[in-house]
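The block underneath contains the structure these notes are about, expressed in structure tokens.
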Amino acid sequence: MNNFIFENKTKVFFGKGCVSEYLGCLSKKYQTIMLAYGGGSIKKNGIYDEIMAVLKSQEKKVIEFPNIIANPTYAKVMEGARLARENHVDMILAVGGGSVMDCCKAISLAACYDGDVWNDFWVYKGIIDFDVLPLGVIVTVTGTGSEMNGGAVITNEELKIKTGRDYPACNPAFALLDPTYTFTVSKRQMVSGGFDILSHIMETYFGEPNENNVSDDISIALMKNVIHNLEIALENPFDYNARSNLMWDAAMAENRIIKLGKNTDFEVHQMEHQLGAYTNCNHGEGLAVLHPTYYRHIYKYGLSKFKQFAIEVWQVNEAGKSDEEIALEGIDALEAFIKKMGLPTTLKQLGIQDDIDLKAIADSCNIIPTSYKPMTHEEILEIFKECWN
Ligand code: NZQ
Ligand code: ZN
């Protein structure tokens, strides 16, 4: 196992009713709260009213910042930072999924920094030696795990770059996770988020060291849990236990615990992010299209782990088969699961248009040096073409 330092400052409140029970206490010391949310789902399902009732009862000044759309943009971050400064906001409350949470982490930083935020913190890894605005999050859709890390994936529309950084200073101070808040998420988005969780775990699991280590053992348990509960939730979206498991799986996948002592991959995320920068495609769906093909390109370089994945996660019967055959059956099982969940399996199904410049997208992808087989831009283009239809 590699050396590591572990820190996670986010305090998590989990379970039905946690917002009305704890939000008042958590926001007590703040006067002006920026309430940030997406395109309006929280107004339809009653979450907005529940939160406002708590804030009003405490006579907070609430500055609303709505319309944070999927794949949040740098322009939206700067708009939020301006609003926060103008109104002397002393706490941000992000209500939504990864897009709202990521945008708000970036706002919490940008509102307290005078320089070039994009260049100093997203192009280059910056040093946060100043206080960012305190951030609390209320999760309404499960997937990214943004609630328990400092990661913020932002799209610079002008430059056509979608990129993320994880700054521990940007971890939310608190996260309220009520599984019932996710009941109204569409099946399509639920499955997309569920696959995002699985992808985060796979991208972490498929990395050195390959020998016995606790992080990988936790990952195997988590992958099995995601697969099992996503199947249950697809049958019955109101299954509280399945939704609870998925909600905690998402946080566990991205709260740094399974990354301890390990190299990680995340090349598929790099590829999907750039597809998103050019096409605004859905994050989890983009990952679903790319994963099996990417794994068929790299499995030989991490064969023992792909074999273990097949046997432990997908119960592939190993009798009479070579390691390669077992590994490939595991990837086939992953692909079959993607189809069963109704996720897209080709770039065409993802809605990518014929005139897209796949080479430009491939050339713009970051290369992860710790992958079992670090990609070249040419090989990424091959993968995109193989995923076409
Ligand atoms: O905008 P509203 O109207 O709220 O609708 C949203 C949105 O359309 C809807 N939704 C959310 N809660 C709902 C609901 N609909 C009904 N009922 C509810 N309770 O869900 C849609 C998708 O929301 P979004 O936040 O975009 O989804 P997700 O959580 O998948 O976030 C995706 C973003 O996070 C980034 C992705 O790249 C993408 O930009 N990621 C962030 C990561 C991180 N910070 O650690 C890691 C990930 O790998 C990922 O890159
Ligand atoms: Zn993801």
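The values are calculated or read from the model by the stated rules, or taken from the named source; none is laboratory data. Bear in mind that the values here come from a model prediction, so they are computed numbers and not experimental data. As a convention, Cβ positions derive from the backbone with ideal geometry for all residues, glycine included, and neighbour counts pool all protein chains shown.
Here the condition is being surrounded by 14 or more Cβ atoms within 10 Å (Cβ to Cβ), outside the structural domain of P209 (by TED's automatic domain parsing) and either within 15 Å of A94 (Cβ to Cβ) or touching a residue at least 60 places away in the same chain (Cβ under 8 Å) (or both); of G24, G15, it holds for G15 alone.
Can you go through V62, V117, V95 and tell me which one is touching a strand residue (DSSP E or B) at 6+ places or on another chain (Cβ under 6 Å) and more than 16 Å from ligand 1 (Cβ to nearest atom)?
Details: V117 fails: touching a strand residue (DSSP E or B) at 6+ places or on another chain (Cβ under 6 Å); V95 fails: more than 16 Å from ligand 1 (Cβ to nearest atom).
Residue meeting the stated conditions: V62.
Exactly one residue among K321, K300 is part of a helix (DSSP H, G or I) and away from ligand 2 (no atom under 15 Å from the Cβ), and that residue is K300. Against the list (1) without any contact (Cβ under 8 Å) to a residue 40 or more places away in the chain; (2) in a strand (DSSP E or B), the condition D131 fails is (2).
For residues in region 137-163 being polar (S, T, N, Q) and within 21 Å of I42 (Cα to Cα), which is nearest to ligand 2 (Cβ to nearest atom)? It would help to see each step written out before you state the result.
Step one: list which residues in region 137-163 are polar (S, T, N, Q), which gives 140, 142, 144, 146, 149, 155-156, 163.
So of that shortlist, the ones also within 21 Å of I42 (Cα to Cα) come out as 140, 142, 144, 146.
Values: T140: 17, T142: 12, T144: 6, S146: 9 Å.
Restricting to residues being polar (S, T, N, Q) and within 21 Å of I42 (Cα to Cα), the top hit is T144.
Of the helices (runs of 4 or more DSSP H) that lie entirely inside region 194-297, those containing 3 or more residues that are within 19 Å of the chain's Cα centre (by Cα) and either within 13 Å of ligand 1 (Cβ to nearest atom) or acidic (D, E) (or both) span 240-254, 267-279.
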